[in-house]
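Before any comments, here is the structure.
The values are calculated or read from the model by the stated rules, or taken from the named source; none is laboratory data. Just so it is clear, the structure is predicted and the values come from calculations on it, not from any experiment. Because the Cβ atoms are built from the backbone with ideal geometry, glycine has one as well, and the counts that use them run over all protein chains shown. For the accessible areas, the whole protein counts, side chains as well, though only heavy atoms, and no ligand, DNA or RNA atoms are used. Shrake-Rupley method; radii C 1.70, N 1.55, O 1.52, S 1.80 Å.
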Amino acid sequence: MYAQMIKTASKGVKTREEMTDQEREFQDKIDNDIKIEPRDWMPDDYRRTLIRQIGQHAHSEVVGQLPEGNWITRAPTLERKAILLAKVQDEAGHGLYLYSAAETLGETRDELVKLLHEGRMKYSSIFNYPTLNWADIGAVGWLVDGAAIVNQVALQRTSYGPYSRAMIRICKEESFHARQGYHAIMKMAFGTLEQKKMAQDAVNRLWFPAIMMFGPTDAASTNSDQSMAWKIKVKSNDELRQQFVDQTVPQIEYLGLDLPDPGIKWNEERGHYDFSDPDWTEFFNVIKGNGPCNVDRLSDRKKAWDDGQWVRDGLLAHAQKKSAAKLAAE
Amino acid sequence: MKNEWPLWEIFIRGQHGMSHRHVGSLHAPDAEMAIKNARDVYTRRNEGVSIWVVEARHIAATAPGDKGPLFEPSESKVYRHPTFFDIPEEVGHM
């Protein structure tokens, strides 16, 4: 979800007979839930798929700071401001954990950032939607981070050790994000009529983009089989989406808000909520770069990177000068 | 892209008289900045009372392929564990 539509670098899942001895040994480790560590042998396609998925996940954390950072200076109280600041700072940390995990696979962070800036790597579609007002900030924390948690809790069991450890760390911090968001939206839903309307409007606008975060339906996810066999993905898109809907509907009802989708209905037989499909044409359009904020997000990222160049260069030059002086003194 | 800051491995001592434990890594131009960044990234929720940073290139490690010869011999030496020895109950706690 923070990583959507990862193209698996492989040509279909191999049968045991088609595998080399090394590949069989590798698959056995995966099947026995033995984590793969950076210096262990792994198929090139496993490595490439992981770099794509972890890289996209990392980019999502970093780009995800933009729609929320937008509201730090306009938070309604000093306390909300401090909370939002802490949340956005967490996202930077999450990006770092994930870039570090990708680096253990031999891809440098600078290279990943370059690929993002050149439009050759993606980030989650959700961050191409605008945050128009304070209610959106509550809804983003609650729904977007809520969806992220569903995905990331599953990914704690992913087969690659550094990715799994990053997920465990992130999940510990992420539940603060969802709870602060729900708390903010609760205040509005139980506030004045005008505030309640804002809360409703935010939920209505963000609901479908949030459930799109899990990626296309299983039927349309042609890339998933190999990733599931390698346990890079642990649960399917539809399973995760259903889990999110099931846990979120009662939360919406508690707020006394209308459900954002008339198709949401408890299905006694399935033991799950039914719900409507999001507009997948819109989803693919946003992924292609035509969402409401794609251009702004990428240009903001590039500007931040370029504007910081002199700081990175300056600190490195200072460090090199100091270490040269130390060598000379010895 | 050759100007990338070097990679540092970060070790944190938790609150409870534990040893330093590896928590992750980060990029920084020098040790001083690595410590500052580690404090911001890895101790935002009271996770530590002390930080060690080591540039990643200085860490030497065993090769995954040596796992067998290095660690398997200890599997057959059960007598190195106290539970190997049955002590009669009359002797009491030992």
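What the table shows:
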| read-out | value |
| --- | --- |
| For the stretch B:7-91, accessible area per residue (1.4 Å probe, heavy atoms of protein chains only), Å² | 72 |
| Solvent exposure ordering (accessible area, 1.4 Å, most first) of B:Met18, A:Met213, A:Met186 | B:Met18, A:Met186, A:Met213 |
| Per residue solvent-accessible surface (Å²) - the stretch A:74-178, probe of 1.4 Å | 32 |
| Near-label residues of the stretch B:1-35 by backbone N, under 20 Å of a point 7 Å along Cα→Cβ of B:Asn46 | B:12-21 |
| Computed helical MRE - 222 nm, chain A, DSSP H runs ≥ 4 contributing -39500 (n - 2.57), nearest 500 | -20000 deg cm²/dmol |
| B/A buried area, accessible surface, summed, 1.4 Å probe, Å² | 2100 |
| Three-way shape label, the stretch A:108-174, alpha-carbon gyration tensor, a/c 1.5 | oblate |
| Computed label-point distance, nm, for sites A:Met228 and A:Thr73 using a 7 Å Cα→Cβ extension | 4.8 |
| Apportionment of accessible area to carbon and sulfur, the stretch B:7-91, percent (1.4 Å) | 55 |
| Solvent-accessible ranking of A:Lys303, A:Lys11, A:Lys288, A:Lys122, largest area first, probe 1.4 Å | A:Lys11, A:Lys288, A:Lys303, A:Lys122 |
| Anisotropy class of chain A from Cα gyration tensor, a/c 1.5 cut | oblate |
| Ranking by accessible area, most exposed first, for A:Thr15, A:Thr131 with a 1.4 Å probe | A:Thr15, A:Thr131 |
| Label point distance in nm, B:Lys67-A:Arg47, each placed 7 Å from Cα along Cα→Cβ | 1.7 |
| Per-residue SASA entry for A:Arg74, accessible area with 1.4 Å probe, Å² rounded to 10 | 120 |
| Karplus-derived HN-Hα couplings along the stretch A:31-41 (A = 6.51, B = -1.76, C = 1.60, θ = phi - 60°), whole Hz, x at Gly and Pro | 5, 8, 6, 8, 5, 8, 10, x, 9, 6, 5 |
| Using alpha-carbon coordinates, inclination of helix B:31-42 to the longest axis of chain B, degrees | 70 |
| B:His16-B:Phe84 FRET efficiency (beta carbon distance; Förster radius 41 Å; 0.05 resolution) | 0.85 |
| Surface accessible to a 1.4 Å probe, A:Asp33 within the full protein complex, Å² | 110 |
| Label-point separation, A:Arg120 to A:Val295 (7 Å along Cα→Cβ), nm | 2.4 |
| Residues in the stretch A:36-72 reached by a label modelled at A:Lys14 [backbone nitrogen below 14 Å; 7 Å Cα→Cβ] | A:41-47 |
| 17 Å Cα-Cα reach of A:Lys303 towards lysines, excluding residues that sit fewer than 8 places from it in its own chain | A:Lys114 |
| Shape category assigned to chain B from the gyration tensor of Cα positions, a/c cut at 1.5 | oblate |
| Probe 1.4 Å - accessible area at A:Tyr123, Å² to nearest ten | 30 |
| With every protein chain in place, the stretch A:58-204: carbon and sulfur % of accessible area (1.4 Å) | 58 |
